[in-house]
Amino acid sequence: MTARPGSTAHDIAVIVNGTERRARVIPRMLLADVLREEWGLTGTHLGCEHGACGACTVLVDGEPTRSCLVFAVQADGCRVDTVEGLAGDGPGLHPLQEAFRARHALQCGFCTPGILMTLVAYLRLHPAPSETEVREALSGNLCRCTGYQHIVQAALDAAAAGRAAAASA
Amino acid sequence: MRPAPFEYFAPRTVEDALDLLACHGGDAKLLAGGQSLVPMMNMRLVCPGLVVDLNRVAALGGVREDARGLRLGALVRQHALERDARIAAAAPLLAEAAPFIGHLQTRARGTVGGSLVHADPAAELPACMIALDAVFHLQSARAQRACRAQDFFRGLLATVLEPDELLAEIEVPGVPAPRTGHGFAEVARRHGDFALAGACAVLALDAAGVCRHARLVIFGVGDGPHLARATAGLLGERPSAARLAEVGRATAGEIDARGDLHATAEYRRRVAAGLAARALGRAAARAEAA
């Protein structure tokens, strides 16, 4: 029996960026909290903590998900991808990160991990988006520095580069 | 902001979920996509002692077709409405409305049933389900019952659902009859934001172009989705643009509009009248072309 309601711990196992990680969590812990506090993956940023800003977006089983709106216990058995896993093991950046660098698509960088994860998932399904479609895809991510212009351009560049790479493959 | 402590259960069957609800009643909260519930828990507007997570109940997650039409499990994700060809064929209104539901990230997780039981007055899906004359299948440990969408909503964030009941399945009447069209229109400050006003319509014409079925629902304006009464006047007529505009205005006038810091009541009513005419116009044009 538990000492008080809500203190029952649950053991979870999650494949994070390809590696299995385990933790013991109480139900009210958010997925974002476990990523940051238990596993040290502080690239996932928490902005508003109620699903409005999109900074904490990660991929859960491949789908862009706000990690402040999922309890860690719910992620048991899932695959979670965070910004730390984007570039893989190589020395370089992910092509989308490279486009962000080239286009100066970030200033303070707080919103960037969430935007990258949103766009990675979006471009996978929509390799040739229009500018309007990119803006709609990003409607759930707030950036208070850039005015979005360079972010949208970077996304369009990355999409074009992805298409070129696919054509030459 | 973190939720108050709660106990967590993740049943695998509808029966187990219903037993938990029967035992804990008002202290338990069902968790589906969590895109409305978790923000409210994070802000401690809602503090359930027990959360019953439905995400591992496989029986609630499917899309099926049968002789009567389309059957959506309550846990079908909102993004399935934009991706599933069966839904686009049987209920194209749902596919058209889907991109307006929240954002990419919330549609990936948010569920059809969750949006319906949450009953936000600005939500697209309650309005669409009423326009489509969908039937909701409700279950509790005591009984099962069916409820027409138009009888399910009871004002601001309120429905007929009892504390020990869950919405299990949504039945959407099958492939639309020939010469049936749909229309959807909404205005929000930014794509994906809560609608300031919106409208959806289903309209059918006979071979002579005379209207024989018209359902129009306005959302985001009053305390809940509003099924138009004024469309009754369209039956037996050939709908002209001027008549549809008139019906739009009359329907907006039927609603007790809400004003808040985003828009005044008068603005909402005026915009809704225009959107209603637009939704009806698209529905009529599609019915004509079908």
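Every read-out reported here was derived from the displayed coordinates using simple, explicitly stated rules and does not represent laboratory data. Everything numeric here is computed off the predicted structure, so don't read it as measured data. As a convention, Cβ positions derive from the backbone with ideal geometry for all residues, glycine included, and neighbour counts pool all protein chains shown.
May I ask for the angle, rounded to the nearest 10°, between helix A:112-125 and the longest principal axis of chain A, with both axes built from Cα atoms and the value confined to 0 to 90°?
So the inclination is approximately 70 degrees.
Calculate the translational D of region A:10-85 in whole µm² s⁻¹ from Stokes-Einstein, where the hydrodynamic radius comes from the Kirkwood formula applied to all Cα pairs, the temperature is 4 °C and the viscosity 1.567 mPa s.
Details: Rh = 11.9 Å.
Diffusion coefficient, whole number: 109 µm²/s.
Give the share of C-alpha pairs in each 5 angstrom bin for chain B, from 0 to the last occupied bin, in whole percents, shortest bins first.
1, 6, 12, 17, 18, 16, 13, 9, 5, 3, 1, 0, 0
Given the convex hull over the Cα atoms of region B:151-290, what projected area results after averaging over all orientations, in nm²?
On the way: hull surface 38.0 nm².
Here the figure is 9.5 nm², rounded to one decimal.
Report, as a whole number in µm² per second, the diffusion coefficient that Stokes-Einstein gives for chain A at 4 °C and 1.567 mPa s using the Kirkwood radius over alpha carbon pairs.
Working: Rh = 16.7 Å.
Translational D for this selection: 78 µm²/s.
Could you size up the charge dipole of region A:36-169 around its Cα centre, putting +1 on the beta carbon of Lys and Arg and -1 on that of Asp and Glu, and report it in debye to the nearest 20? The partial results should precede the final answer.
Numbers: 9 positive and 14 negative charges, 78 e Å.
Approximately 380 debye in magnitude.
Can you sort B:244, B:37 so the residue with the fewest Cβ neighbours within 10 Å comes first?
Final ranking by Cβ density, sparse to dense: B:37, B:244.
Hey, what did chain B get for relative contact order, percent, Cα under 8 Å, at least 6 apart? Kindly include the intermediate steps, with their values, before the conclusion.
On the way: 686 pairs, mean separation 46.2, N = 290.
Computed over chain B, the figure is 16 percent.
What does the charge dipole of region B:180-289 about its Cα centre add up to, to the nearest 20 debye, if the Cβ of each Lys and Arg holds +1 and the Cβ of each Asp and Glu holds -1?
Working: 15 positive and 11 negative charges, 39 e Å.
Charge dipole of region B:180-289: 180 debye, to the nearest 20.
Could you give the Stokes-Einstein D for region B:7-53 in µm² per second, using the C-alpha Kirkwood radius, 10 °C, 1.306 mPa s? Walk me through the intermediate numbers first.
Numbers: Rh = 10.8 Å.
Translational D for this selection: 146 µm²/s.
Kindly express, to the nearest 10 degrees and within the range 0 to 90, the angle between helix B:14-24's C-alpha long axis and the longest C-alpha principal axis of chain B.
Once rounded, one gets 70 degrees.
In peptide B:3-10, how many Cβ atoms from other protein chains are near each Cβ within 10 Å, on average?
On the way: counts 6, 3, 9, 7, 8, 10, 2, 4.
The mean count of partner-chain Cβ atoms within 10 Å per residue comes to 6.
Counting Lys and Arg as +1 and Asp and Glu as -1, each charge on the Cβ, what is the dipole of the protein assembly as shown about the Cα centre in debye, to the nearest 20? Write out the running numbers ahead of the final one.
Values: 47 positive and 48 negative charges, 165 e Å.
Result for the protein assembly as shown is approximately 800 debye, rounded to the nearest 20.
Above 43 angstrom, tally the Cα pairs of the protein assembly as shown and express them as a % of all pairs, no decimals. Before the final figure, lay out each step's value.
Working: 17346 of 105111 pairs.
Every Cα pair in the protein assembly as shown considered, those over 43 Å come to 17 percent.
Would you mind ranking A:130, B:140 so that the residue whose beta carbon has the fewest other beta carbons within 10 Å leads the list? Intermediate results must be reported in sequence, preceding the final value.
Details: A:130 11, B:140 16.
Lowest count first: A:130, B:140.
Want the number for residue B:157 to residue B:237: 0.36 nm per residue separation, take away the alpha-carbon distance, what's left? Please report the intermediate quantities before stating the final value.
Working: separation 80, 0.36 × 80 = 28.80 nm, distance 3.63 nm.
In short, 25.2 nm is gained.
Between region A:39-63 and region B:156-188, how far is it from one alpha carbon centroid to the other, in angstrom?
31 Å
Can you tell me what percent of all Cα-Cα pairs in region A:95-168 are more than 22 Å apart? If you can, show how the numbers build up before the last one.
Working: 328 of 2701 pairs.
Summing the P(r) tail past 22 Å for region A:95-168 gives 12 percent.
Whose amide H sits under 5 Å from the amide H of residue B:119, counting only residues 5 or more places off or on another chain, with H placed in the peptide plane?
Under 5 Å from the amide H of residue B:119 lies no amide H from a residue far enough along the sequence or on another chain.
Are there GluC sites (Glu not before Pro) in region A:24-88 that DSSP puts in a loop and that have at most 10 other Cβ atoms within 10 Å, and which ones?
Details: sites: A:37, A:38, A:49, A:84; in loops: A:49.
In loop regions of region A:24-88 (DSSP not H, G, I, E or B), there are no sparsely surrounded GluC sites (Glu not before Pro).
For region B:1-66 and region A:104-150, what is the separation of their Cα centres, given in Å?
First find each Cα centre; the distance between them is then 31 Å.
Could you work out the pair-distance distribution P(r) of region B:61-173 from its alpha-carbon pairs, with 10 angstrom bin width and percents rounded to whole numbers?
15, 52, 30, 3
If each residue's Cβ is checked for other Cβ atoms within 10 Å, how do B:7, B:266 rank with the fewest at the top? Numbers along the way, then the final one.
Values: B:7 20, B:266 10.
By the 10 Å Cβ count, ascending: B:266, B:7.
Would any residue of region B:128-156 have its amide N under 20 Å from a label point 7 Å out along Cα→Cβ of residue B:256? List them or say none.
Inside the label zone: B:150-156.
Starting from region B:59-122, pick out the trypsin sites (Lys or Arg not before Pro) whose DSSP state is loop and whose Cβ has at most 12 other Cβ atoms within 10 Å.
When the trypsin sites (Lys or Arg not before Pro) of region B:59-122 are filtered for loop state and at most 12 Cβ neighbours within 10 Å, B:68 remain.
Between helix B:265-289 and chain B, what is the angle of the helix's C-alpha long axis to the longest principal axis, kept within 0 to 90° and rounded to the nearest 10?
That works out to roughly 70 degrees.
Which loop-located trypsin sites (Lys or Arg not before Pro) does region B:218-265 contain, where loop means any DSSP state but H, G, I, E or B and the Cβ has at most 15 other Cβ atoms within 10 Å? Walk me through the numbers on the way to the answer.
Working: sites: B:229, B:243, B:249, B:258; in loops: B:229, B:258.
Answer in residue order: B:229.
With contacts defined as alpha carbon pairs under 8 Å and 6 or more residues apart, what's the relative contact order of region A:95-168 in percent? Can you show the working numbers first?
Values: 69 pairs, mean separation 37.1, N = 74.
Relative contact order for region A:95-168 comes out at 50 percent.
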